[in-house]
């Protein structure tokens with residue numbers, strides 16, 4: 001049951017004429033209660049389950065939807081909404097808030113009775129605010145420490161990333177240098193193999209030239225003898 005109880009506290013600023021009020025709300029699954037103070041006087045509103053159900057039926061809402069809407073407008077002063085806390089006789093007050101929904105103006109009202117113990121109600125509101133402030137302060141400290149730890153880790157990751165980039169650049173440079181050296185070595189070996197292959201196909205280029213000259217001379221001599229034979233046969 002405790003887990004389903006929620007609390008809120010709104011600072012309601014009604015301007016210089018009506019002043020500032022603090023509204024503490026206690027929200028349960030089927031009902032709610034309000035404690036209101038201006039610092040001196042206090043008022044209370046205890047909405048029963050039956051009253052909440054009747055109001056929800058009037059607005060054609062489920063009880064849960066009605067309570068959610070009420071908490072929305074009484075948990076924080078909503079911009080664009082018109083609030084009022086007007087006298088309702090016998091020191092009682094009427095709390096109202098109006099807003100527009102789909103072009104229609106809607107106004108909610110709840111009567112708040114003058115409290116018989118102003119000090120007790122004011123003290124309960126102050127206790128809630130002090131406790132909430134302590135929780136928020138602790139949360140700020142925890143979040144600040146967590147942020148500092150995350151900042152340190154982020155700086156470490158950034159430094160490591162920069163180191164990785166440097167190592168990567170150095171590795172790529174060294175790998176490229178090795179690749180160029182291997183490529184040049186392969187080129188030299190290919191040239192050497194080409195030269196050796198050329199020498200294998202033509203082992204004695206001088207002799208080959210001499211053979212070609214001898215063959216040419218023999219061909220010329222043969223042609224000369226043929227000419228002589230033909231001349232001797234002529235009449």
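The values are calculated or read from the model by the stated rules, or taken from the named source; none is laboratory data. Since the model is a prediction, treat every value here as computed from it, not as a measurement. Neighbour counts are summed over all protein chains in view; Cβ atoms, including those assigned to glycine, are modelled from backbone coordinates with ideal geometry.
Within the range 112-125, the set of residues being touching a strand residue (DSSP E or B) at 6+ places or on another chain (Cβ under 9 Å) and surrounded by 13 or more Cβ atoms within 10 Å (Cβ to Cβ) comprises 112, 113, 114, 115, 118, 121, 122, 124, 125. Taking the stated definitions as given, is residue 107 assigned by TED's automatic domain parsing to the domain that holds residue 43, in contact with a strand residue (DSSP E or B) (Cβ under 8 Å, 6 or more places away or on another chain), at pLDDT 90 or above and surrounded by 10 or more Cβ atoms within 10 Å (Cβ to Cβ)? Spelling it out, residue 107 is indeed assigned by TED's automatic domain parsing to the domain that holds residue 43, in contact with a strand residue (DSSP E or B) (Cβ under 8 Å, 6 or more places away or on another chain), at pLDDT 90 or above and surrounded by 10 or more Cβ atoms within 10 Å (Cβ to Cβ).
Taken as a whole, the condition of being touching a strand residue (DSSP E or B) at 6+ places or on another chain (Cβ under 8 Å) and modelled with pLDDT of 95 or more applies to residue 44. Looking across the range 12-62, just one residue is touching a helix residue (DSSP H, G or I) at 6+ places or on another chain (Cβ under 8 Å) and either at positive phi or not assigned by TED's automatic domain parsing to the domain that holds residue 78 (or both), and that is 39.
Restricting the range 72-91 to residues that are over 20 Å from residue 105 (Cβ atoms) and buried (at least 16 other Cβ atoms within 10 Å of the Cβ), the residue that is farthest from the chain's Cα centre (by Cα) is 88.
Scanning the range 75-105 for residues that are in contact (Cβ under 8 Å) with a residue 40 or more places away in the chain and part of a strand (DSSP E or B) yields a count of 5.
Of the residues 132, 154, 159, 175, only one is within 30 Å of residue 37 (Cβ to Cβ) and not assigned by TED's automatic domain parsing to the domain that holds residue 53; which? From the options 132, 154, 159, 175, the qualifying one is 132.
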